[in-house]
Each structure stands twice: as C-alpha cells, then as structure tokens.
Amino acid sequence: MTKIPRWANDYLCKGLGFQRAALLVGARQSGKTTMVREQCPLNSRYMTLDDEIALLAARNDPRFFVRQAQGICLIIDEIQKAPSLISEVKRCVDADSRPAQFVLTGS
C-alpha cells in the first residue's frame with residue numbers, strides 16, 4: 001500500500017519541536033492516526049480510545065492515564081471519547097515546559 005504524504009506532517013513535527021502539545025482534528029478515515037504513528041518521528045507511546053479497556057481507564061482515572069508515559073510523547077487517538085482527559089493534559093503541560101509531551105487526535 002502506498003502512503004500519501006501529508007502536508008500537515010511537516011507542520012506537526014516542526015511544531016512539536018517547541019510546542020508542548022498538538023491536536024490533530026479531521027474527518028474520519030483521513031489518515032490522522034497513520035500520520036502520527038508512522039510518519040512523524042517521535043519517541044512516543046500510542047494509546048487509542050477505540051480500545052474499550054483504554055477508554056475505561058481514561059474515564060476512571062484521567063490523571064494516571066496521561067501520566068503513564070512521562071518522559072516521552074503520549075499520543076492519544078480519539079480524544080473526543082474521553083473529554084475529561086483534556087483538562088488533565090492541560091494540567092500536565094502547564095506544569096512542565098518540555099516540548100512534544102502530547103499529540104491528540106480526534107474526529
């Protein structure tokens with residue numbers, strides 16, 4: 001399968017060089033997940049909220065969920081399924097000025 005280069009990939013990677021978090025929003029099946037997992041070179045941990053266990057964990061303990069990948073970028077796919085995580089991500093980036101802590105995707 002041929003991967004389609006995404007113009008946003010360069011902006012995302014460049015922005016994460018100095019921004020603490022990034023949000024990638026777009027239509028379903030438009031390549032957001034593929035882009036953040038395969039095309040943007042980050043030392044990261046990927047979590048999808050399409051996974052029922054991950055979704056339950058995110059809803060039950062948002063603080064633990066976002067802090068589980070301290071030191072590397074946490075990619076949270078389908079963030080709209082657990083809106084309470086957004087406040088916790090904000091709390092984390094307010095307390096820590098390191099770039100590239102989070103990449104959030106949603107439809």
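For the reader, a short list of remarks on this structure follows.
- Placing a pseudo-label 7 Å from each Cα along the Cα-to-Cβ vector at D51 and R91 gives an inter-label distance of 2.3 nm.
- For R91, neighbours were defined as the other residues whose beta-carbon sits under 13 Å from its Cβ, and their charges (Lys and Arg +1, Asp and Glu -1) total +1.
- Value of relative contact order over the chain, rounded to a whole percent, pairs C-alpha under 8 Å and six or more apart: 39 percent
- Share of carbon and sulfur in the accessible heavy-atom surface of the chain [1.4 Å probe, %]: 54 percent
- Counted residue by residue at 0.36 nm each, then reduced by the alpha carbon distance between them, the extension gain from I72 to R28 reaches 13.2 nm.
- Residue of Q80, Q70, Q29 that the Gaussian network model of the chain assigns the largest fluctuation, springs spanning Cα pairs under 10 Å: Q29
- GNM flexibility winner over the chain from R28, R59, R91 (Cα, springs under 10 Å): R28
- Orientation-averaged projection of the chain equals 6.5 nm² [convex hull of Cα atoms, one quarter of hull surface area].
- Distant-in-sequence amide contacts of L74, defined by a placed amide H-H separation under 5 Å and a gap of 5 or more residues or a different chain, comprise R45, F102, V103.
- The loop-placed GluC sites (Glu not before Pro) in region 22-107, going by DSSP, include none that has at most 12 neighbouring Cβ atoms within 10 Å of its Cβ.
The values are calculated or read from the model by the stated rules, or taken from the named source; none is laboratory data. In this text, all values refer to a predicted model and were calculated from it rather than measured experimentally. Neighbour counts run over all protein chains shown; Cβ positions are idealised from the backbone, glycine included. Only protein heavy atoms, including side chains, enter the accessible area calculation; ligands, DNA and RNA are left aside. Shrake-Rupley method; radii C 1.70, N 1.55, O 1.52, S 1.80 Å.
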